[in-house]
1. Run residue B:106 past the list (1) buried (at least 18 other Cβ atoms within 10 Å of the Cβ); (2) over 20 Å from residue A:237 (Cα atoms) and report the number of the one that doesn't hold.
2. Please count how many residues of the range A:66-108 are of a type in the set (S, T, N, Q) and outside any strand (DSSP E or B).
3. For the range A:213-226, which positions are surrounded by fewer than 21 Cβ atoms within 10 Å (Cβ to Cβ) and facing chain B (nearest Cβ under 10 Å)?
4. For residues in the range A:47-87 being near DNA strand C (Cβ under 9 Å from one of its atoms) and more than 19 Å from residue A:15 (Cβ to Cβ), which is farthest from the other protein chains (Cβ to nearest Cβ)?
5. Looking only at the range A:187-204, how many residues end up being at the interface with chain B (Cβ under 10 Å from one of its Cβ atoms) and outside any loop (DSSP other than H, G, I, E, B)?
6. Answer yes if at least one residue in the range A:164-186 is outside any strand (DSSP E or B), at negative phi and either at pLDDT 95 or above or in contact with a Lys or Arg (Cβ under 6 Å, 6 or more places away or on another chain) (or both), and no otherwise.
7. I need a count of the residues in the range A:184-203 that are closer than 22 Å to residue B:232 by Cα and out of contact with any helix residue (DSSP H, G or I) (no Cβ under 6 Å at 6 or more places or on another chain).
8. Considering (1) over 29 Å from residue B:81 (Cβ atoms); (2) small (Gly, Ala, Ser); (3) buried (at least 19 other Cβ atoms within 10 Å of the Cβ), say which one residue A:136 fails and leave the rest.
Number of protein chains: 2
Amino acid sequence: MPKSKFELIYIDIKRKIESQEYNYQDLLPSENTLSRNYKCTRNTIRRAIQSLVSEGYVQTMHGIGVRVIYQPVDQNTFTIGGIESFQESAARNHRESKTKVIQFTELIVDERIAKHSGFPIGTELYYIQRVRYLDGKPLILDINMFLKSLIPNLTKQIAEKSIYEYLENELGMSIVTSKRKVTVERITEIDEKYLELNDYNCLAVISNQTYNSDGILFEYTKSRHRPDYFCFQDTATRKRTSS
Amino acid sequence: MPKSKFELIYIDIKRKIESQEYNYQDLLPSENTLSRNYKCTRNTIRRAIQSLVSEGYVQTMHGIGVRVIYQPVDQNTFTIGGIESFQESAARNHRESKTKVIQFTELIVDERIAKHSGFPIGTELYYIQRVRYLDGKPLILDINMFLKSLIPNLTKQIAEKSIYEYLENELGMSIVTSKRKVTVERITEIDEKYLELNDYNCLAVISNQTYNSDGILFEYTKSRHRPDYFCFQDTATRKRTSS
DNA sequence: CTCTTATACTTGTTTAAACAAGTTCTATAT
DNA sequence: ATATAGAACTTGTTTAAACAAGTATAAGAG
């Protein structure tokens, strides 16, 4: 519950950037100044700054300072980024969400599924198909596979609300790492049936492997997104200037 | 040139994971063991491990250890991830690349372009359109905008080879942060003309803002990818278990 | 006026140590 | 036999200090 010092500092600086107390292209106060202000060591400040770097808020410059490169984004489209459930994204974008379960069954992993899911052959899974609605519009077709051995009593009722909420609040499981691929695939009959695709003949697919806090792969999901409401965000930083 | 200690350790452990000296689901040797082996402090080890965490190679578990969650990926598709030029990606995927410049002109930023590129109105830019071929197939239509004031003598000849190589090797500029959005858009006449889209009526678009080592936005690029050869990879980690 | 040099900043790397907190196993008391 | 408590591990957080290395400015030499 009581967050660590570097995290509080990170949150505070982030807030100051978002509220434009520190403006785009400004330099932050120097690490020594910040460590005096926040009454901590330079190390703790550096750790907070590192988090901001990895999220594309600032960029450090050796011998010069730390430059703010955050620019506010317009909230038109339904953006995805970081680890977030559909429910959380909907709330963050101030939209109303609904979920319809169209299939709820079980499955044993064969060679074909093993290859792209990362689950070993023979693993018992829940296999769930759900349509996700945002403000009444069907936007996403989720195809979830959950490790049965880790999630004892998953039901259709839970799937209709939020599986992640169940995992985190009821089972005390926590999600740590998410490996994702974004591709574009041809539409299938199921897509056409449940999503209002107009005349689009392909859609965006996020394939997702999720690991819990024990480092166990417990979920593989394909989220099939209607193109007109799809936006995936990302920030990358280069490690080094030269070899 | 002489890399830092933590980076050498990071590279060494990464190599051991990729060569499966440390296997999927294994625990790494403890931080204290590693610090003895590499003759450094625990801090330096922890820094190396942090890099591995952010790339989805390992996951730390409080009180338990550091678990390897790396699984080798099959190199069928042309994957994108991290900051990489087209040339570099091609080399990494062992493909032959070619570039054709179809437009090379200049441009002054108006309100519409300012809004999505992040450049201020009135900025002078190079405007370049290029088709990227991989193994003879046209896969990507790149629409580049480069800040003219930072790149004095960009020519069509350079654009035909590699602009990034020119920036890094000739101008000594270094690329640090890249903010990206992935969307799916309807095809345009130009897409249809230059990419062999068969009957796809949309394609994957990576919109890219790139910042140099001075924290200056110097590039905005839209890369329009043929769906059948598009794969974007990403790893995300959750910050905290609970509030 | 121009160039060099010193110096006072900035961030980057590494060491060392202490304590907090989570997990696992073992010895002890009941 | 079964709990409980403790010891011995693990990773997580924070402090403190020193030095390296890049950048800017101001003082001084030519």
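The values are calculated or read from the model by the stated rules, or taken from the named source; none is laboratory data. Just so you know, these numbers come straight off a predicted model, no measurement behind them. Cβ coordinates were reconstructed from backbone atoms using ideal geometry, including for glycine residues, and neighbour counts include every protein chain displayed.
1. For residue B:106, the failing item is (1).
2. 8
3. Here is the first cut: in the range A:213-226, the residues surrounded by fewer than 21 Cβ atoms within 10 Å (Cβ to Cβ) are A:213-214, A:216, A:221-222.
Within the range A:213-226, A:213, A:214, A:216 meet the criteria.
4. A:63
5. 3
6. No: the range A:164-186 contains no residue that is outside any strand (DSSP E or B), at negative phi and either at pLDDT 95 or above or in contact with a Lys or Arg (Cβ under 6 Å, 6 or more places away or on another chain) (or both).
7. The qualifying residues number 6.
8. It fails just one condition, (3).
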